[in-house]
Amino acid sequence: MKDVRVLGTGAYVPERIVTNDEVGAAAGVDDAWITRKTGILQRRWAAPGQATSDLATEAAHGALTSAGITADDLSAIVIATSTPDRPQPPTAAYVQHHLGATNAAAFDINAVCSGTVFALSAAEGILTRQGGHALVIGADTYSRILNPTDRKTVILFGDGAGALVLGTTGHGPRIRHITQHTFGELAHLIHVPAGGSRHPLDHPALDTGRQYFTMTGRDVARFVTDHLPRLTKQFLHEAGVTPDDIRHFVPHQANGRLLETVFTDLALPNATMHQTLTHYANTGAASLPITLDTAARQDAFHPGDLILLAGFGGGMAAGLALIEW
């Protein structure tokens, strides 16, 4: 099989900064409470008229520049999002058009906050069969589906996009191993109740706020702490590495306090955990590629470093990827 490599990364967050005091006002909490509970100081929210495809396109430009290729070189665009521009067509179709990537097949994947790992796996499969270049983007605009009075959710999320260009040529970081898991029996822990074929978005749904994102926070945290250490141990064994070999841990930016617990439980003694949630909050599928791009542009990674990416969230799902820099 051909090695699939990361040839470039990019990220984009909207200009609007939303402080804890601003977001907490309607939810009845203040900056001190939010900081203590989450470690988040601020987040970015999209401007009126700015959609997921717009954020994704900006991140894509950065990744293409970083990779030194043009949109004409792309054979596939895979977007991980759970906040698409519209129920259909796929948001990737808009991004393909915005970029002028006429040679690229474009489609979306919805695995919520694990989506970028699932998208990486799909793109890797395409490239190992046909070669070329693929653009993987995680992008979400959660500000559009948050209940402003729900302190369990509205304080946690921001908007943004992150992108990776993959290819089978060159000498960039190599994708060593990827795995994904879904626990559908727990799908009710994170969901938007209305807006699909089960419960269309009608007037009764709007009147009762069923268009908003909902999450059972304590059960979600329990899912992560119960499953992620076990899945990670299994993953590293499959990849032929030990916890001592990992130099960098890039997790989904769910909640700062949860990440502290997870990092301790994973027992990666030589790893640095990278975080961006302090200023960007939880950006859904975008959080992994945004954090990876941020660390890469800070020259945090060195040749040969092993980087563990861990996505987890709605579905309930978990995805792990190992990159050798």
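The values are calculated or read from the model by the stated rules, or taken from the named source; none is laboratory data. Since the model is a prediction, treat every value here as computed from it, not as a measurement. All Cβ positions, glycine included, derive from the backbone under ideal geometry; neighbour counts span all protein chains shown. Note: areas computed on protein heavy atoms with side chains; ligands, DNA, RNA excluded. Shrake-Rupley method; radii C 1.70, N 1.55, O 1.52, S 1.80 Å.
You will find that of ALA254, ALA300, ALA321, the residue that is touching a Gly at 6+ places or on another chain (Cβ under 9 Å), open to solvent by 10 Å² or more (accessible area, probe 1.4 Å), outside any helix (DSSP H, G or I) and among the hydrophobic types (A, V, I, L, M, F, W, C) is ALA254 and no other. The set of residues in region 58-103 that are surrounded by fewer than 23 Cβ atoms within 10 Å (Cβ to Cβ) and either of a type in the set (Gly, Ala, Ser) or closer than 20 Å to SER114 by Cα (or both) comprises GLY62, SER66, GLY68, ALA71, SER75, PRO84, ASP85, PRO87, PRO90, ALA93, GLY100.
Quick one: ARG176 ticks every box in (1) in contact with a His (Cβ under 9 Å, 6 or more places away or on another chain); (2) part of a strand (DSSP E or B); (3) open to solvent by 40 Å² or more (accessible area, probe 1.4 Å) except a single one, so which number is it? Unmet condition: (1). If I filter region 112-133 down to residues being outside any helix (DSSP H, G or I) and either farther than 22 Å from ILE323 by Cβ or open to solvent by 10 Å² or more (accessible area, probe 1.4 Å) (or both), which single residue comes out as modelled with the highest pLDDT? If we take residues in region 112-133 being outside any helix (DSSP H, G or I) and either farther than 22 Å from ILE323 by Cβ or open to solvent by 10 Å² or more (accessible area, probe 1.4 Å) (or both), then HIS133 is modelled with the highest pLDDT. Consider region 39-53 and keep the residues that are within 20 Å of SER82 (Cβ to Cβ) and not aromatic (Phe, Trp, Tyr). The one that is nearest to the chain's Cα centre (by Cα) is THR52. Considering only residues in region 257-284 that are in a helix (DSSP H, G or I), among the polar types (S, T, N, Q) and in contact with a helix residue (DSSP H, G or I) (Cβ under 8 Å, 6 or more places away or on another chain), the one that is surrounded by the fewest Cβ atoms within 10 Å (Cβ to Cβ) turns out to be THR261. Please enumerate the residues belonging to region 88-111 that are farther than 20 Å from PHE157 by Cβ and not in a helix (DSSP H, G or I). Scanning region 88-111 gives GLN88, PRO89, PRO90, GLY100, ALA101, THR102, ASN103, ALA104, ALA105, ALA106, PHE107.
Would a scan of region 210-218 turn up a residue that is more than 19 Å from VAL117 (Cα to Cα), of a type in the set (Lys, Arg) and not in a helix (DSSP H, G or I)? Yes.
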